[in-house]
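Visitor: Below are the structure tokens for one structure; questions will follow.
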């Protein structure tokens, strides 16, 4: 069993770390306060190939493996969650979904520009009235000759206003036997007439990012844009989450590390009761817990990444990594604020931003409660993953480069 | 045009350096390419792209220390050479310069040798000038800009820094140049570069391969120490008038040698 | 054992880098302790009068070459002459200032003379037969004591690590002119031009930083124009306060920094902010003017080598971290401080 990171992985880690530290970190505090992403960030990520890191070269990507994707997410979120969210929805929900379920034509037409960062993608699944209860979404897609006409509202969509494409799941068979069997997924060009979208404001966290809503009013989508087959929408969406969730887990691990570093730095400087507070045991206990959670989260997501590389179904492991890392990151950020005392309550230090950012991850990409139910199903042997018609492709350096 | 960039491997600049049993230790801090060298690699890659040529990264170190050489390859260097020999342990600058000069001679037909302006560990900045002297090639240190290069005619024009301002110098080639931060931000390794670098194979030359005997060193470091842990003792500067206070402070600052 | 010390005098078109005289002073001290002699080495064009200065600073002898081919700095012809001088004088020790030129010339001469260089020395022991030179390594995180087993032992001295001697205008000595056998046509390099550098010092690189805080706007001695409202008066006063900070910075060749409070109040741009949410700096000298020193500011500058704090409030937290503290009004202290430092540095 090889637990070490390869030379390649270490170089990827260092490269993304340097980029985030040099080009985003210096102004991130300001951007969080302004409530938007700095305009150079996404174009720079595109330029550096980060938006296509885990897509084969022949589809416009960089041909790196799934572990590299995870490492990149960890480094990005250590600076700010908003950076990793871009990867989650663009690389995870959009690119990897196309890679897994797309036809060759769809990959050529959509995946190539997406992986190159020429187009930006997002995932439009959640609705105002349905999140966890995804099977009961209400947006519809009605077949009309060679197209489908989409109607409905999607909400809490990251990059809604900036994206060019969205992966959208709607109900195409209203009277299916089981609600989840009547869904289909489409790749929608957001410039299509009938699409309106805008940003949502007033979020607790991830303020340096963009979250919005998309409204579909008689939007005509070519039938060739259906990802997977009619009725497979639920499966396609769950696959999308297997990809997105992985990036969230890796990112949350980076957040724990950021909280840990802030805490140790501060605790080594701040003095109280005649000594550095890092010499006080109650402070040490908090730091120890953060350090432990960092180690555990890291192992969980790296294992999931390894399984993805091998082409082994990893819904269980990815869900576990997401659940553990996100809950731990919220705890870590909260304790980091505590360690900073009153300064933690002020935006003078980054820890309050970590805390506000961390909370979101417990809600999106499958809430903690959903993850718990998934884990229980596996643990009680009530869930057996059947082979999918299209499996997530394993990493193969030769064919991917 | 054939360009050789000399790179060195050093501990991460954020590392905590300590002295353990008389030896320098950086704990488990990672080893990285000397940050100054990245500017030299960037310059080399640009020159090769603009004028046609090949960039070879040359590293003097231990065979297993691959970070510096791999980083240079990942940035886009075409080839690499490592020089490694147990007899080189503890070499001083002149000895290292002799080895590097021999390696450059062995590589052959080199038009330009680039160095970072200094290394973050020993901070001497001597290698570029000593290698130049040994090869009897012009030395151009602290270059921030390459204004013109005509490899066919063997001519080079650079802007280099001195305390009093910048000097524009025309030089014959081959020449040995050290590059400053003012040159411009070095590129990140690309993902393709990272892949290529991790698979790259490059020769490792020993002193025997270079055909030279171990050069002797005259500079030794018999003792290394950590700076004394300073208890901050605030000294209050007094005076009856602001002028007197100012004068007293100036005297203290002079004594403290921080001006 | 008597020692002969050769000190290289680094200059730019005849204007001496004052660290050269520090080297001269050290050469004289080592020579005196061993009953030996100290010589200066001066190379350039139109630099004959520098020999007199060398004698004033204690040189017994001056080796000199004054030639058109040496007008602009090019290391190759200069090194040829340094080596020639060393071969003639046979010094035991050669001292160079650690200037851009001094470092290069010392390095090249070492190759010619088959010896080594101890670079950027901050302390030197010459009690025993051979030198023991202390220098910072790893960016000053550690110190190393160096020795050189061959002769001459070459050292480059860190600027201002050694005292500049008092010149004695009565002193004189002998000048030995070096043979300049260099043909301009043979030179492999040619200096085409000299350009002045842009003067702004960046915070991150600066070895000296002067910072202003809220205190820059507090100056009851100033009378603002009548037509300004309260906020404008504050900024008007701060502008004057920061001008004092800038003057001091100019004299010291320092960068100007600011506390978050000053930036938030609009006294100065965010680029200058030092602290948790600004830049983290570690200069050799940090002078904090009118800054209280709350922990988030300290986070940005606590690793400065020497911290000087000037504040009216004797209870300001910064006094717990400063090496030198002055309780007083920065507006009253900065002008004489600036003038005094200007006189010292230029003198």
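Visitor: In nanometres, what is the gap between the two model label sites at residue C:204 and residue C:315, each 7 Å from Cα along Cα-to-Cβ?
Guide: 3.9
Visitor: Next question, about the same structure. Roughly what percent of Cα-Cα pairs across the range A:322-401 reach past 21 Å? Don't skip to the end; give the middle numbers.
Guide: Working: 1734 of 3160 pairs.
Across the range A:322-401, Cα pairs with separations above 21 Å total 55 percent.
Visitor: Then there's this: Take chain B, connect every pair of alpha-carbon atoms lying under 10 Å apart with a spring to form a Gaussian network, then pick out the residue of B:248, B:23, B:166 with the largest mean-square fluctuation.
Guide: Its mean-square fluctuation being the largest, the pick is B:248.
Visitor: Please compute the average number of Cβ atoms from other chains found within 10 Å of each residue's Cβ in peptide B:16-24.
Guide: Details: counts 1, 6, 2, 3, 0, 0, 0, 0, 5.
Neighbouring Cβ atoms belonging to other protein chains average 2 per residue here.
Visitor: Normalized C-alpha radius of gyration of the range A:44-97, against 2.2 N^0.38 Å?
Guide: This ratio for the range A:44-97 stands at 1.02.
Visitor: Taking each pair of different alpha-carbon atoms in the range C:101-219 once, compute 1/r for the pair, average those values, and report the inverse of that mean as the Kirkwood hydrodynamic radius in Å to one decimal. Before the final figure, lay out the partial values.
Guide: Values: mean 1/r = 0.0514 Å⁻¹.
With all distinct Cα pairs of the range C:101-219 included, I get 19.5 Å.
Visitor: Can you sort C:13, A:90, A:384, B:51 so the residue with the fewest Cβ neighbours within 10 Å comes first? Walk me through the intermediate numbers first.
Guide: Numbers: C:13 13, A:90 31, A:384 7, B:51 16.
Least to most surrounded, the residues fall as A:384, C:13, B:51, A:90.
Visitor: Based solely on C-alpha atoms, express the radius of gyration and the Dmax of the range B:13-156 in angstrom.
Guide: Taking only Cα atoms of the range B:13-156, I get Rg and Dmax of 15.9, 55 Å.
Visitor: Moving on to the next point. Taking every residue in B:185-197, how many Cβ atoms of other protein chains lie within 10 Å of its Cβ, on average? If you can, show how the numbers build up before the last one.
Guide: Values: counts 2, 1, 1, 10, 6, 4, 19, 6, 2, 11, 11, 2, 3.
Counting other chains' Cβ atoms within 10 Å and averaging over B:185-197 gives 6.
Visitor: Taking a point 7 angstrom from the Cα of residue C:45 along the C-beta vector, which residues in the range C:143-185 have backbone N less than 14 Å away?
Guide: C:182-185, by backbone N distance to the label point.
Visitor: With a point put 7 Å past each Cα toward its Cβ, work out how far residue B:181 is from residue C:221 in nm, to one decimal.
Guide: A separation of 3.7 nm, rounded to one decimal place.
Visitor: Can I ask one more? So what is the relative contact order of the range A:310-394, in percent, for Cα pairs below 8 Å that sit 6 or more residues apart? Walk me through the numbers before you get to the answer.
Guide: Details: 57 pairs, mean separation 34.8, N = 85.
Relative CO of the range A:310-394 lands at 41 percent.
Visitor: Still on this model: Can you compute the modelled spin-label distance between residue B:109 and residue B:147, with each label point 7 Å from Cα toward Cβ, in nm?
Guide: 3.1
Visitor: Now a separate question. Treating only the Cα positions of the range A:1-77 as identical point scatterers, give the base-10 log of I(q)/I(0) from the Debye formula at each q in 0.24 Å⁻¹.
Guide: -1.14
Visitor: Further, regarding this structure: What do you get for Rg/Rh of chain A when both radii come from the Cα atoms and Rh is the Kirkwood radius? Can you show the working numbers first?
Guide: On the way: Rg = 20.8 Å, Rh = 21.3 Å.
Here Rg/Rh amounts to 0.98.
Visitor: Sort the following peptides by mean Cβ neighbour count (other Cβ atoms within 10 Å, averaged over residues), highest first: A:270-277, C:23-30, A:240-247, C:305-312.
Guide: Values: A:270-277: 12.5, C:23-30: 24.9, A:240-247: 27.8, C:305-312: 23.2.
Put in order of decreasing packing, that is A:240-247, C:23-30, C:305-312, A:270-277.
Visitor: How tilted is helix C:75-89 with respect to the longest principal axis of chain C? Cα atoms for both, answer in degrees (0 to 90, nearest 10).
Guide: Roughly 60 degrees, rounded to the nearest 10.
Visitor: Return the FRET efficiency for the residue pair residue B:254, residue C:280: r is the Cβ-Cβ distance, R0 is 30 Å, and the value is rounded to the nearest 0.05.
Guide: On the way: r = 28 Å, r/R0 = 0.92.
That gives a FRET efficiency of 0.60.
Visitor: Further, regarding this structure: Just the number, please: Stokes-Einstein D of the range B:20-95 in µm²/s, Kirkwood Rh from C-alpha pairs, 4 °C, 1.567 mPa s.
Guide: Values: Rh = 14.1 Å.
Diffusion coefficient, whole number: 92 µm²/s.
Visitor: Using a cut-off of under 13 Å, list every residue of the range B:148-165 whose amide N is near the label point 7 Å from the Cα of residue B:51 along the Cα-to-beta-carbon line.
Guide: Under 13 Å, as judged by backbone N against the label point of residue B:51, lie B:148-159 of the range B:148-165.
Visitor: Past the 15 angstrom mark, what percentage of all C-alpha to C-alpha distances in the range C:249-301 do you count? Mind showing how you got there, number by number?
Guide: Values: 583 of 1378 pairs.
Here the long-distance tail beyond 15 Å is 42 percent of all Cα pairs in the range C:249-301.
Visitor: Arranged from highest to lowest average of other beta-carbon atoms within 10 Å per residue, in what order do the peptides B:27-35, B:194-202, C:130-138 appear? All intermediate terms of the calculation are to be shown ahead of the outcome.
Guide: Details: B:27-35: 15.8, B:194-202: 18.1, C:130-138: 20.2.
Result, highest mean first: C:130-138, B:194-202, B:27-35.
Visitor: A further question follows. So what is the relative contact order of chain C, in percent, for Cα pairs below 8 Å that sit 6 or more residues apart? Show your work: numbers first, answer last.
Guide: Details: 724 pairs, mean separation 45.6, N = 347.
Relative contact order here is 13 percent.
Visitor: So, by mean Cβ neighbours within 10 angstrom, what's the order for C:94-105, C:335-346, C:117-128 with the highest one leading? Don't jump to the answer; show the numbers that get you there.
Guide: On the way: C:94-105: 25.7, C:335-346: 16.8, C:117-128: 19.3.
Going by the mean number of other Cβ atoms within 10 Å, highest first, we get C:94-105, C:117-128, C:335-346.
Visitor: Just checking the output field for B:154-163: average partner chain Cβ neighbours within 10 Å of each residue's Cβ? Don't jump to the answer; show the numbers that get you there.
Guide: Values: counts 1, 0, 1, 2, 1, 3, 3, 3, 8, 9.
Going residue by residue through B:154-163 and averaging, the value is 3.
Visitor: Quick one: angle between helix C:330-346 and the longest Cα principal axis of chain C, in degrees between 0 and 90, rounded to 10, please.
Guide: Approximately 10 degrees, to the nearest 10.
Visitor: Can you give the translational diffusion coefficient of the protein assembly as shown in µm²/s, computed by Stokes-Einstein from the Kirkwood radius over Cα pairs at 25 °C and 0.890 mPa s? Spell out each step's value before the answer.
Guide: Details: Rh = 31.9 Å.
Roughly 77 µm²/s, to the nearest whole number.
Visitor: Oh, and also: The range C:192-347: D in µm²/s via Stokes-Einstein (Kirkwood Rh, Cα pairs, 20 °C, 1.002 mPa s)? Spell out each step's value before the answer.
Guide: Working: Rh = 15.8 Å.
Rounded, D is 136 µm²/s.
Visitor: Would you please report the Å³ per residue occupied by the convex hull of the alpha carbon atoms in the range C:277-336? Working shown, then result.
Guide: Working: hull volume 4.8 nm³, N = 60.
It comes to 80 Å³ per residue, whole-number rounded.
Visitor: Can I ask one more? Before anything else, pin down the relative contact order of chain A: Cα pairs under 8 Å, at least 6 apart, normalised by residue count, whole percent.
Guide: Details: 797 pairs, mean separation 72.4, N = 401.
Worked out over chain A, it gives 18 percent.
Visitor: Going by C-beta contacts inside 10 Å, put B:1, B:192 in order with the fewest on the left.
Guide: Numbers: B:1 20, B:192 16.
Ranked by crowding around the Cβ, least crowded first: B:192, B:1.
Visitor: Could you work out the Rg to Rh ratio of the range C:216-255, with Rh taken as the Kirkwood radius (inverse of the mean 1/r over all Cα pairs)? Show your work: numbers first, answer last.
Guide: Details: Rg = 11.9 Å, Rh = 10.9 Å.
Radius of gyration relative to Kirkwood radius: 1.09.
Visitor: A further question on this structure: At a Förster radius of 51 Å, what calculated FRET efficiency corresponds to the Cβ-Cβ distance of residue A:382 and residue A:295, to the nearest 0.05?
Guide: Details: r = 30 Å, r/R0 = 0.60.
That pair, residue A:382 with residue A:295, gives E of 0.95.
Visitor: Rounded to the nearest Å, what's the spacing between the alpha carbon centres of the range C:99-133 and the range B:1-19? Just the number, please.
Guide: Using only Cα atoms to place each centre, the spacing works out to 23 Å.
Visitor: Ratio of the range B:114-170's C-alpha Rg to 2.2 N^0.38 Å, to two decimals? Can you show the working numbers first?
Guide: Values: Rg = 12.3 Å, N = 57, 2.2 N^0.38 = 10.2 Å.
Relative to the 2.2 N^0.38 Å estimate, the range B:114-170 comes out at 1.21.
Visitor: So how far, in whole Å, is the C-alpha centre of the range A:1-59 from the one of the range A:354-401?
Guide: That distance is 23 Å.
Visitor: Whole angstrom only: what separates the Cα centroid of the range C:33-53 from the Cα centroid of the range B:55-130?
Guide: That distance is 37 Å.
Visitor: Separate question: Enter the mean projected area of the convex hull around the alpha-carbon atoms of the range A:229-292, in nm², rounded to one decimal.
Guide: Values: hull surface 21.1 nm².
Over all viewing directions, the range A:229-292 projects a mean Cα-hull area of 5.3 nm².
Visitor: Still on this structure, please answer the following. So what's the convex hull volume per residue for the Cα atoms of chain C, in Å³? Walk me through the numbers before you get to the answer.
Guide: Details: hull volume 59.3 nm³, N = 347.
Spread over its residues, the Cα hull of chain C gives 171 Å³ apiece.
Visitor: Calculate how steeply helix C:19-34 sits against the longest principal axis of the alpha-carbon atoms of chain C, using the helix alpha-carbon long axis, and give the answer as 0 to 90 degrees to the nearest 10.
Guide: Here the helix axis deviates by roughly 50 degrees.
No lab work stands behind these numbers, since they all come straight from the coordinates. Remember, it's a predicted structure, so these values are computed and weren't measured experimentally. In this analysis, Cβ positions are derived from the backbone assuming ideal geometry, glycine residues included, and neighbour counts consider all displayed protein chains.
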